[in-house]
Amino acid sequence: MRWRQIIEGQGFEYTLNYLHAYDFASSAYTAFVPPASVFVTRRAEGIDVFGGTFSKTITEGIVVPGLGKGWTLRGELAYIKGGAMNFGTDANIQGTVDVDQCNYVLGFDRAFFTNLMFSFQFIQMWAIATEDYDKSQYTLLHGATRGPLDKCETMLTLLVGTDFWHERLKPQVLIIYGDDNDWRISPKVSYEINDQWLATVGLHIFEGKEQHLSGQFDKNDQIFFELKYTF
């Protein structure tokens with residue numbers, strides 16, 4: 001379900017959202033039955049997602065006339081109830097517990113000098129176990145890497161881009177930084193050859209420990225070329 005409202009004349013828009021679904025990542029559960037039987041099952045957890053978004057363009061200023069003028073502030077929030085995560089040590093799964101998650105992002109966007117785009121995001125992801133496990137020995141594990149997961153993970157992103165030659169040449173760079181010194185830098189340049197053909201060349205540079213999202217590709221930096229035809 002989704003509710004959307006735009007407040008005319010104030011540059012403000014918000015939505016309220018609810019979703020009931022099944023977690024895309026099924027979880028493993030182990031049961032020991034005497035004398036020597038072990039049953040391992042996998043099932044997808046039913047989850048409820050409560051969330052909302054907002055976007056506000058500052059046209060007059062905040063508190064002081066002109067302060068923040070031209071910036072767009074935006075945000076998203078999702079509270080996920082009823083999911084599950086593995087726990088254990090680094091890449092060593094010991095079991096599964098029920099977990100509630102709260103994820104949010106705050107974004108700040110602005111165009112400078114007409115065609116220089118600046119977009120910054122502050123992201124936090126909270127994971128709260130609703131079942132007991134031995135926290136003195138184990139931590140929750142990251143779903144993608146099976147590395148240790150902090151109770152609160154923080155990420156920062158920065159996107160800067162511009163254009164030349166009447167928007168035919170578009171360079172941009174995306175930087176993603178995690179609070180465990182885990183980061184990625186992705187510069188690219190797109191060139192519109194004509195109305196049908198678009199050429200793009202770029203890099204993905206990864207750095208960090210292999211247990212983290214970008215660090216798992218530390219030894220796999222990439223260079224790419226893309227040629228797109230539109231008809």
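Just so it is clear, none of the values below were taken in a lab; they were calculated from the coordinates. What you see is a predicted model; the values in this text were computed from it and never measured. Every residue, glycine among them, receives a Cβ derived from its backbone with ideal geometry; neighbour counts consider all protein chains shown.
Cross-link partners of K56 among aspartates and glutamates, defined as those whose alpha carbon lies under 14 angstrom from its own and excluding same-chain residues fewer than eight positions apart: E8, E13, E76, D109. Per the Debye formula with a single identical scatterer at each Cα and no solvent contribution, what log10 I(q)/I(0) holds for segment 163-231 at q = 0.17, 0.29 Å⁻¹? Evaluating at q = 0.17, 0.29 Å⁻¹ gives log10 I(q)/I(0) of -0.67, -1.17.
By the rule of a C-alpha distance below 29 Å, with chain neighbours fewer than 8 residues away ignored, the lysines paired with K151 are K81, K135, K209, K219. Placing +1 on the Cβ of every Lys and Arg and -1 on the Cβ of every Asp and Glu, with nothing else charged, gives the chain a dipole about its Cα centre of roughly 380 debye.
Each of K69 and Y18 was given a label point 7 Å from its Cα along the Cα-to-Cβ line. The distance between the two points is 4.2 nm.
For trypsin sites (Lys or Arg not before Pro), the sites in segment 176-228 that DSSP calls loop and that have at most 16 other Cβ atoms within 10 Å are K209, K219. The fewest-to-most ranking of Y18, Y229, Y138, Y79 by surrounding Cβ atoms within 10 Å reads Y229, Y18, Y79, Y138. Across the chain, the longest piece that holds none of the GluC sites (Glu not before Pro) lying in DSSP loops with up to 15 other C-beta atoms within 10 Å covers 61-130. Its Kirkwood hydrodynamic radius, worked out from the mean inverse distance over all distinct Cα pairs, puts the chain at 21.2 Å.
Each residue, V160 and A91, gets one label point 7 Å from its Cα in the Cβ direction; the gap between the two is 3.6 nm.
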